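**Student:** This is the structure I want to talk about, given as structure tokens.
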Amino acid sequence: MRPHLFVREGGRIVDAPPADQSVAAAYSQAPDKGAAAGGYRLTLLAQELACKVGQTVRIIHVCESVAPDAPLYPMGPKPVTGEYVDGQLALSQGPADDQPLIPPSYDGRVVPGPGLDFNFDITEYSFGTPGRHAVQWRPGSWESNTLWFDVT
């Protein structure tokens, strides 16, 4: 089954652009996924890992439940918390509790694991200097893979 991503457009939720849909569809072949821990695996995906100074990169977030007792909250897009760029917190850490993968004020479906959830906001960054730059998602005690961008 192919994932279906959504984005916010003003006050509406609409289909994500086709390029983002294609990036998400390649998840099963992604060579660098986050390590499984506490019933979940967090993974970041991007269309390209090489870009130019000032070029915008879009980050797709995947929360994979790898255990039956690790539920997913698949309605979205949900806000991303705990994202780091070059080791610095870029998006707030979110609620200070032991459940950072449960969205605040969530009033949607909850499904048992195992399974995949692609319905997080797509984040965007651009880098102002050439070199190697890192993006990692670290909500609470979970850590995704690190995306390394080569910026020229």
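**Student:** Taking the range 36-57 as the region of interest, how many residues are open to solvent by 60 Å² or more (accessible area, probe 1.4 Å) and either under 12 Å from Phe120 (Cα atoms) or among the β-branched types (Val, Ile, Thr) (or both)?
**Tutor:** Of the residues in the range 36-57, 2 are open to solvent by 60 Å² or more (accessible area, probe 1.4 Å) and either under 12 Å from Phe120 (Cα atoms) or among the β-branched types (Val, Ile, Thr) (or both).
**Student:** Of the residues Ser92, Ser105, only one is free of Cβ contacts under 8 Å to residues at least 24 places away in the same chain, closer than 22 Å to Ser65 by Cα and small (Gly, Ala, Ser); which?
**Tutor:** Working: Ser92 fails: closer than 22 Å to Ser65 by Cα.
When all the criteria are applied, what remains is Ser105.
**Student:** For Val62, indicate whether it is in contact with a strand residue (DSSP E or B) (Cβ under 6 Å, 6 or more places away or on another chain), open to solvent by less than 20 Å² (accessible area, probe 1.4 Å) and of a type in the set (Val, Ile, Thr). Give the steps one after another, and end with the answer.
**Tutor:** On the way: in contact with a strand residue (DSSP E or B) (Cβ under 6 Å, 6 or more places away or on another chain): yes; open to solvent by less than 20 Å² (accessible area, probe 1.4 Å): yes; of a type in the set (Val, Ile, Thr): yes.
Judged against the criteria, Val62 is a match.
**Student:** Only residues that are surrounded by 12 or more Cβ atoms within 10 Å (Cβ to Cβ), more than 13 Å from the chain's Cα centre (by Cα) and not aliphatic (A, V, I, L, M): list them for the range 137-152, please.
**Tutor:** Passing the criteria: Gly140, Trp148, Phe149, Asp150.
**Student:** Sticking with this one: Output the strands (runs of 3 or more DSSP E) that fall wholly within the range 1-108 and possess 2 or more residues being within 14 Å of the chain's Cα centre (by Cα) and over 16 Å from Trp142 (Cα atoms), or say none. Give the derivation first.
**Tutor:** Values: elements: 6-9, 12-15, 40-45, 56-65, 83-85, 88-91.
In the range 1-108, 6-9, 56-65 are the strands (runs of 3 or more DSSP E) which contain 2 or more residues that are within 14 Å of the chain's Cα centre (by Cα) and over 16 Å from Trp142 (Cα atoms).
**Student:** Spot the failing condition for Ile102; the list is (1) open to solvent by 30 Å² or more (accessible area, probe 1.4 Å); (2) touching a strand residue (DSSP E or B) at 6+ places or on another chain (Cβ under 9 Å); (3) hydrophobic (A, V, I, L, M, F, W, C), and only one is missed.
**Tutor:** (2)
**Student:** Sticking with this one: Name the residue, out of Pro17, Pro31, Pro3, that is out of contact with any Ser or Thr (no Cβ under 9 Å at 6 or more places or on another chain) and open to solvent by 80 Å² or more (accessible area, probe 1.4 Å). Let's see the steps before the verdict.
**Tutor:** Numbers: Pro17 fails: open to solvent by 80 Å² or more (accessible area, probe 1.4 Å); Pro3 fails: open to solvent by 80 Å² or more (accessible area, probe 1.4 Å).
Among Pro17, Pro31, Pro3, only Pro31 is out of contact with any Ser or Thr (no Cβ under 9 Å at 6 or more places or on another chain) and open to solvent by 80 Å² or more (accessible area, probe 1.4 Å).
**Student:** Sticking with this structure for a sec: Filter the range 121-136 down to residues that are free of Cβ contacts under 8 Å to residues at least 60 places away in the same chain and open to solvent by less than 30 Å² (accessible area, probe 1.4 Å) and give me whichever is nearest to Phe6 (Cα to Cα). Even if it seems obvious, please write down each step before you answer.
**Tutor:** Residues of the range 121-136 that are free of Cβ contacts under 8 Å to residues at least 60 places away in the same chain, as a first pass: 131-134.
Of the ones still in play, those that are also open to solvent by less than 30 Å² (accessible area, probe 1.4 Å) are 133-134.
Details: His133: 26, Ala134: 25 Å.
Here the answer is Ala134.
**Student:** Just for the range 68-87: of the residues that are open to solvent by less than 20 Å² (accessible area, probe 1.4 Å) and touching a Pro at 6+ places or on another chain (Cβ under 7 Å), which one is nearest to Thr129 (Cα to Cα)? Don't jump to the end; show me each part of the working.
**Tutor:** Initial filter on the range 68-87 (open to solvent by less than 20 Å² (accessible area, probe 1.4 Å)): 70, 72, 74, 77-78, 80, 82-83.
Narrowing the set further to residues that are touching a Pro at 6+ places or on another chain (Cβ under 7 Å) leaves 78, 82.
Working: Lys78: 30, Gly82: 23 Å.
Per the stated criteria, the residue is Gly82.
The values are calculated or read from the model by the stated rules, or taken from the named source; none is laboratory data. The shown structure was predicted, so the numbers you read here are calculated from the model rather than taken from an experiment. Because the Cβ atoms are built from the backbone with ideal geometry, glycine has one as well, and the counts that use them run over all protein chains shown. Note: areas computed on protein heavy atoms with side chains; ligands, DNA, RNA excluded. Shrake-Rupley method; radii C 1.70, N 1.55, O 1.52, S 1.80 Å.
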